[in-house]
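Visitor: The structure's right below; bear with me while I get my questions together.
Laboratory data are not the source of any read-out in this text; all were calculated from the coordinates shown. Fair warning: this is a prediction, and the values are worked out from it, not measured in the lab. Methodologically, a virtual Cβ is constructed for each residue, glycine included, from the backbone with ideal geometry; neighbour enumeration extends over all protein chains shown.
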Amino acid sequence: MDDLTQLRHRLDILERDAARWRRSAARYRRFTLALLALCTAALGLAAARPMVADVIQAGRLEILDADGNLVLAASADDRGGRLDLWSAGGANILRAAANDAGGDLNIWNNAGTTICGAFAAQHGGEWGLWSNDGRCLLRADATEHGGRLHLGNAAGTPVLTAAAQPLGGSIDVKNVTGTTVVRAAAGEQGGELTAGNPAGKPVFTLTSDAAGAARLTAHNAGAKPILTLEADEMIGASLTLADGAGTRRITLSTDTHGGAISFLNDLSQPVLHAGVAASSSGGFLDLANAQGKRVLAAAAEADACGRLDIADNTGRFVFTADAIPDIGAALALHNAKGRKAFLLGARLEGGLLNLYSGHETPVVVAGYASDGLGGALSIKNGRGLPVIQAAPDATERGRVTVYNADGRNPRSFSPLP
């Protein structure tokens, strides 16, 4: 093979190798473009969805708006974490932080005045609302007894408080000075309502007792009870009037039989008592002395007749005047021991008179004769046996009869015709 042939053969080999290299290079270029596209897509995904770290630590984190103004800051203080928000105008309008009892949230208006707050306190949560100029208008908190709510007026003065108490709920209404003038509460026996004067002293109270009945009390300016009205399920109602010192002076009451009124002295003892008697359903009147002992009693009795009794300083009756149905009247006098000493009666036939010994034995009896046309007199001994009798006989002449100690062996004396 000459040199020219060898040269041509070498060129053919080089041309084949060059074609093979061109094909390999094309494949490498396509692979490189695909890998570049894949990396570009991965970088695009990475830009659209940033990677999240497990922990980010910083002493203070600040967020700025598009103009570079601070709008949020997260930091720490002596009590724990704190989060602050600012408005577009640069006002700090919210802070969430920790206090000694727990969480603490404050909201300010653009002027920097607190208008809302909620925080943990000793007995639970507390929440409040304030006006734009800092006046507290509403406050709700938890106490040791339960919930409590305060409402303030336009000046920020608390004028109403509703709270849970150990026995139930309570509502306090205050005046513009903060003094409680009305209070409604649950008590041991039921509900209680109190109204006070501008100084806070009670002038009116309404309560209930264990039986569920009502009790109304009015007080004077010195907080002394001067009027008390009580209701009773069984007997009705009672009214008590007192003087300026709170001493009871008059009581009025009702029961199942009727009404009664009493006037009391300085010792709170009834000295005049009048009403309806339970025994007769008629009226009665009692007068008492300064010691409260009854000295006079007047009443309508069950027989529909009147009776009058007068007593001594000890309250023992010594005089009685009594009407007897369809007969007349009786008058009795008693001694200091309460024994009868004198009896005077009236009958249709005439009058009767009895005198008694210290042992309540009748010793003198005087009245009308048996025929009702004349008088009669009987004198008795200590045993109550007649010893002398005097009366007119059938001819209307006088007759005297004398008996022995046993009331026997009578001897009669009459005048001559």
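Visitor: So what J values fall out for region 56-66 if you push phi through Karplus, 6.51 cos²θ - 1.76 cosθ + 1.60 with θ = phi - 60°, rounded to Hz, Gly and Pro as x?
Guide: My calculation for region 56-66 gives 10, 10, 7, x, 7, 10, 10, 10, 10, 7, 5 Hz in order.
Visitor: Compute the distance in nm between two label points, each set 7 Å from the Cα along the Cα-to-Cβ direction, one at GLN165 and one at GLN189.
Guide: 1.5 nm
Visitor: Considering amide H positions built from the backbone, and no H for Pro or chain starts, which residues 5 or more places from GLY191, or on another chain, come under 5 Å of its amide H?
Guide: The list, which skips near neighbours in sequence, is SER208.
Visitor: OK, next. Could you state the number of Å between the C-alpha centres of region 183-251 and region 252-318?
Guide: Value for the Cα centre distance between the two parts: 27 Å.
Visitor: Can you figure out the FRET efficiency of ALA237 with HIS359, using R₀ = 60 Å and their beta-carbon distance, to the nearest 0.05?
Guide: Efficiency computed from Cβ-Cβ geometry: 0.75.
Visitor: Want the number for PHE319 to PHE342: 0.36 nm per residue separation, take away the alpha-carbon distance, what's left?
Guide: 7.3 nm
Visitor: Next up: If each of HIS123 and LEU149 carries a label point 7 Å out from its Cα toward its Cβ, how far apart are those two points in nm?
Guide: Between HIS123 and LEU149, the label points sit 1.7 nm apart.
Visitor: Under a GNM of the chain (C-alpha, springs under 10 Å), which listed residue has the highest mean-square fluctuation: HIS150, HIS273, HIS359?
Guide: Comparing HIS150, HIS273, HIS359 in a Gaussian network model of the chain, the most mobile one is HIS359.
Visitor: Looking at the chain, how many pairs of lysines come closer than 17 Å at the Cα, when each pair is eight or more places apart or spans two chains?
Guide: Taking the Cα cut-off of 17 Å, the pair count is 4.
Visitor: Mind checking the dipole of the chain: about its Cα centre, +1 per Lys or Arg Cβ, -1 per Asp or Glu Cβ, Debye to the nearest 20?
Guide: In total the dipole reaches around 560 debye.
Visitor: Can you give the relative contact order of the chain as a percent, counting alpha carbon pairs under 8 Å and 6+ residues apart?
Guide: Relative contact order, the chain: 3 percent.
Visitor: Give me the distance in nm between label points sitting 7 Å out from Cα along the Cα-to-Cβ direction at LEU64 and ALA304, one decimal.
Guide: 11.3 nm
Visitor: So how strong a dipole does region 61-136 carry about its Cα centre when Lys and Arg Cβ are +1 and Asp and Glu Cβ are -1, to the nearest 20 debye?
Guide: I would put it at about 180 debye.
Visitor: When mean projected area of the Cα convex hull in nm² is calculated directly from the model, which label among [x] 24.8; [y] 50.8; [z] 18.8 fits?
Guide: Recomputing mean projected area of the Cα convex hull in nm² here picks out [y].
Visitor: Relative to the first principal axis of the alpha-carbon coordinates of the chain, what is the inclination of helix 3-48, with its axis defined by its Cα atoms, in degrees from 0 to 90 and to the nearest 10?
Guide: 20 degrees
Visitor: Considering only LEU138, PRO392, THR217, whose Cα is most displaced toward the positive end of the charge dipole of the chain, charges sitting on Cβ of Lys, Arg (+1) and Asp, Glu (-1)?
Guide: Projecting each Cα onto the dipole axis, the largest value belongs to LEU138.
Visitor: In whole Hz, with x marking every Gly and Pro, tabulate ³J(HN,Hα) for region 317-327 from phi via Karplus 6.51 cos²θ - 1.76 cosθ + 1.60, θ = phi - 60°.
Guide: Per residue, the Karplus-derived 3J(HN,Hα) values read 6, 10, 9, 9, 10, 9, 8, 10, x, 6, 10 Hz.
Visitor: With the Cα gyration tensor of region 61-136 giving a ≥ b ≥ c as the square roots of its eigenvalues, does the rule (a/c under 1.5 for rounded; else a/b larger than b/c for prolate; else oblate) give rounded, prolate or oblate?
Guide: oblate
Visitor: Under unit Cβ charges (Lys, Arg +1; Asp, Glu -1), what dipole magnitude, rounded to 20 debye, does region 300-417 have relative to its Cα centre?
Guide: So the magnitude is around 600 debye.
Visitor: Give me a comma-separated list of calculated 3J(HN,Hα) values for region 201-209, in order, Karplus coefficients 6.51, -1.76, 1.60 applied at θ = phi - 60°, integers in Hz, x for any Gly or Pro.
Guide: My calculation for region 201-209 gives 7, x, 10, 7, 9, 9, 9, 10, 9 Hz in order.
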